[in-house]
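Below: the structure, in structure tokens.
The values are calculated or read from the model by the stated rules, or taken from the named source; none is laboratory data. Because the structure is predicted, anything quoted here is derived from the model rather than measured. Don't worry about glycine lacking a Cβ; one is built from the backbone with ideal geometry, like all the others, and counts go over all protein chains shown. Note: accessible area is taken over every heavy atom of the protein model, side chains too, but ligands, DNA and RNA are not part of it. Shrake-Rupley method; radii C 1.70, N 1.55, O 1.52, S 1.80 Å.
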Amino acid sequence: MEIRIGIANTGRELNFESNEPAADIKKSVAAALDAGATHVSFTDSKGTSYIVPTATLAYIELGTEESRRVGFVA
């Protein structure tokens, strides 16, 4: 699934692919925001970790979990 994170006062967004289900990511972000945590962490499909400060989160967009099609579609 593709994850896009917008960070306040930054012209770019953070994009990466994750193997985690959307429900798990939503729960971890909601738990971090509800608990007043200073950051939330993500791990992409290659094993790279991202730590994002919760104070600067503008938005988090979760893509679809369906696999990409290969070939031509009529």
With axes computed from alpha carbons, what is the tilt in degrees of helix 22-35 against the longest principal axis of the chain, rounded to the nearest 10 within 0 to 90? 10 degrees
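Before anything else, pin down the relative contact order of the chain: Cα pairs under 8 Å, at least 6 apart, normalised by residue count, whole percent. All intermediate terms of the calculation are to be shown ahead of the outcome.
Numbers: 99 pairs, mean separation 28.3, N = 74.
With pairs under 8 Å counted, the relative contact order is 38 percent.
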Report in % the part of the accessible area of the chain that belongs to carbon and sulfur, leaving out ligands and nucleic acids; probe 1.4 Å. 51 percent
With only helices counted (DSSP H, runs n ≥ 4, each -39500 (n - 2.57)), the per-residue ellipticity at 222 nm for the chain, to the nearest 500, works out to -6000 deg cm²/dmol
If you roll a 1.4 Å probe over the heavy atoms of the protein chains, what accessible area per residue do you get for segment 1-53, in Å²? 64 Å²
Roughly what would the spin-label model give for Thr54 and Ser28, points 7 Å off Cα along C-beta, in nm? 1.4 nm
Computed from these coordinates, which is mean projected area of the Cα convex hull in nm²: (i) 6.2; (ii) 5.6; (iii) 6.9? (i)
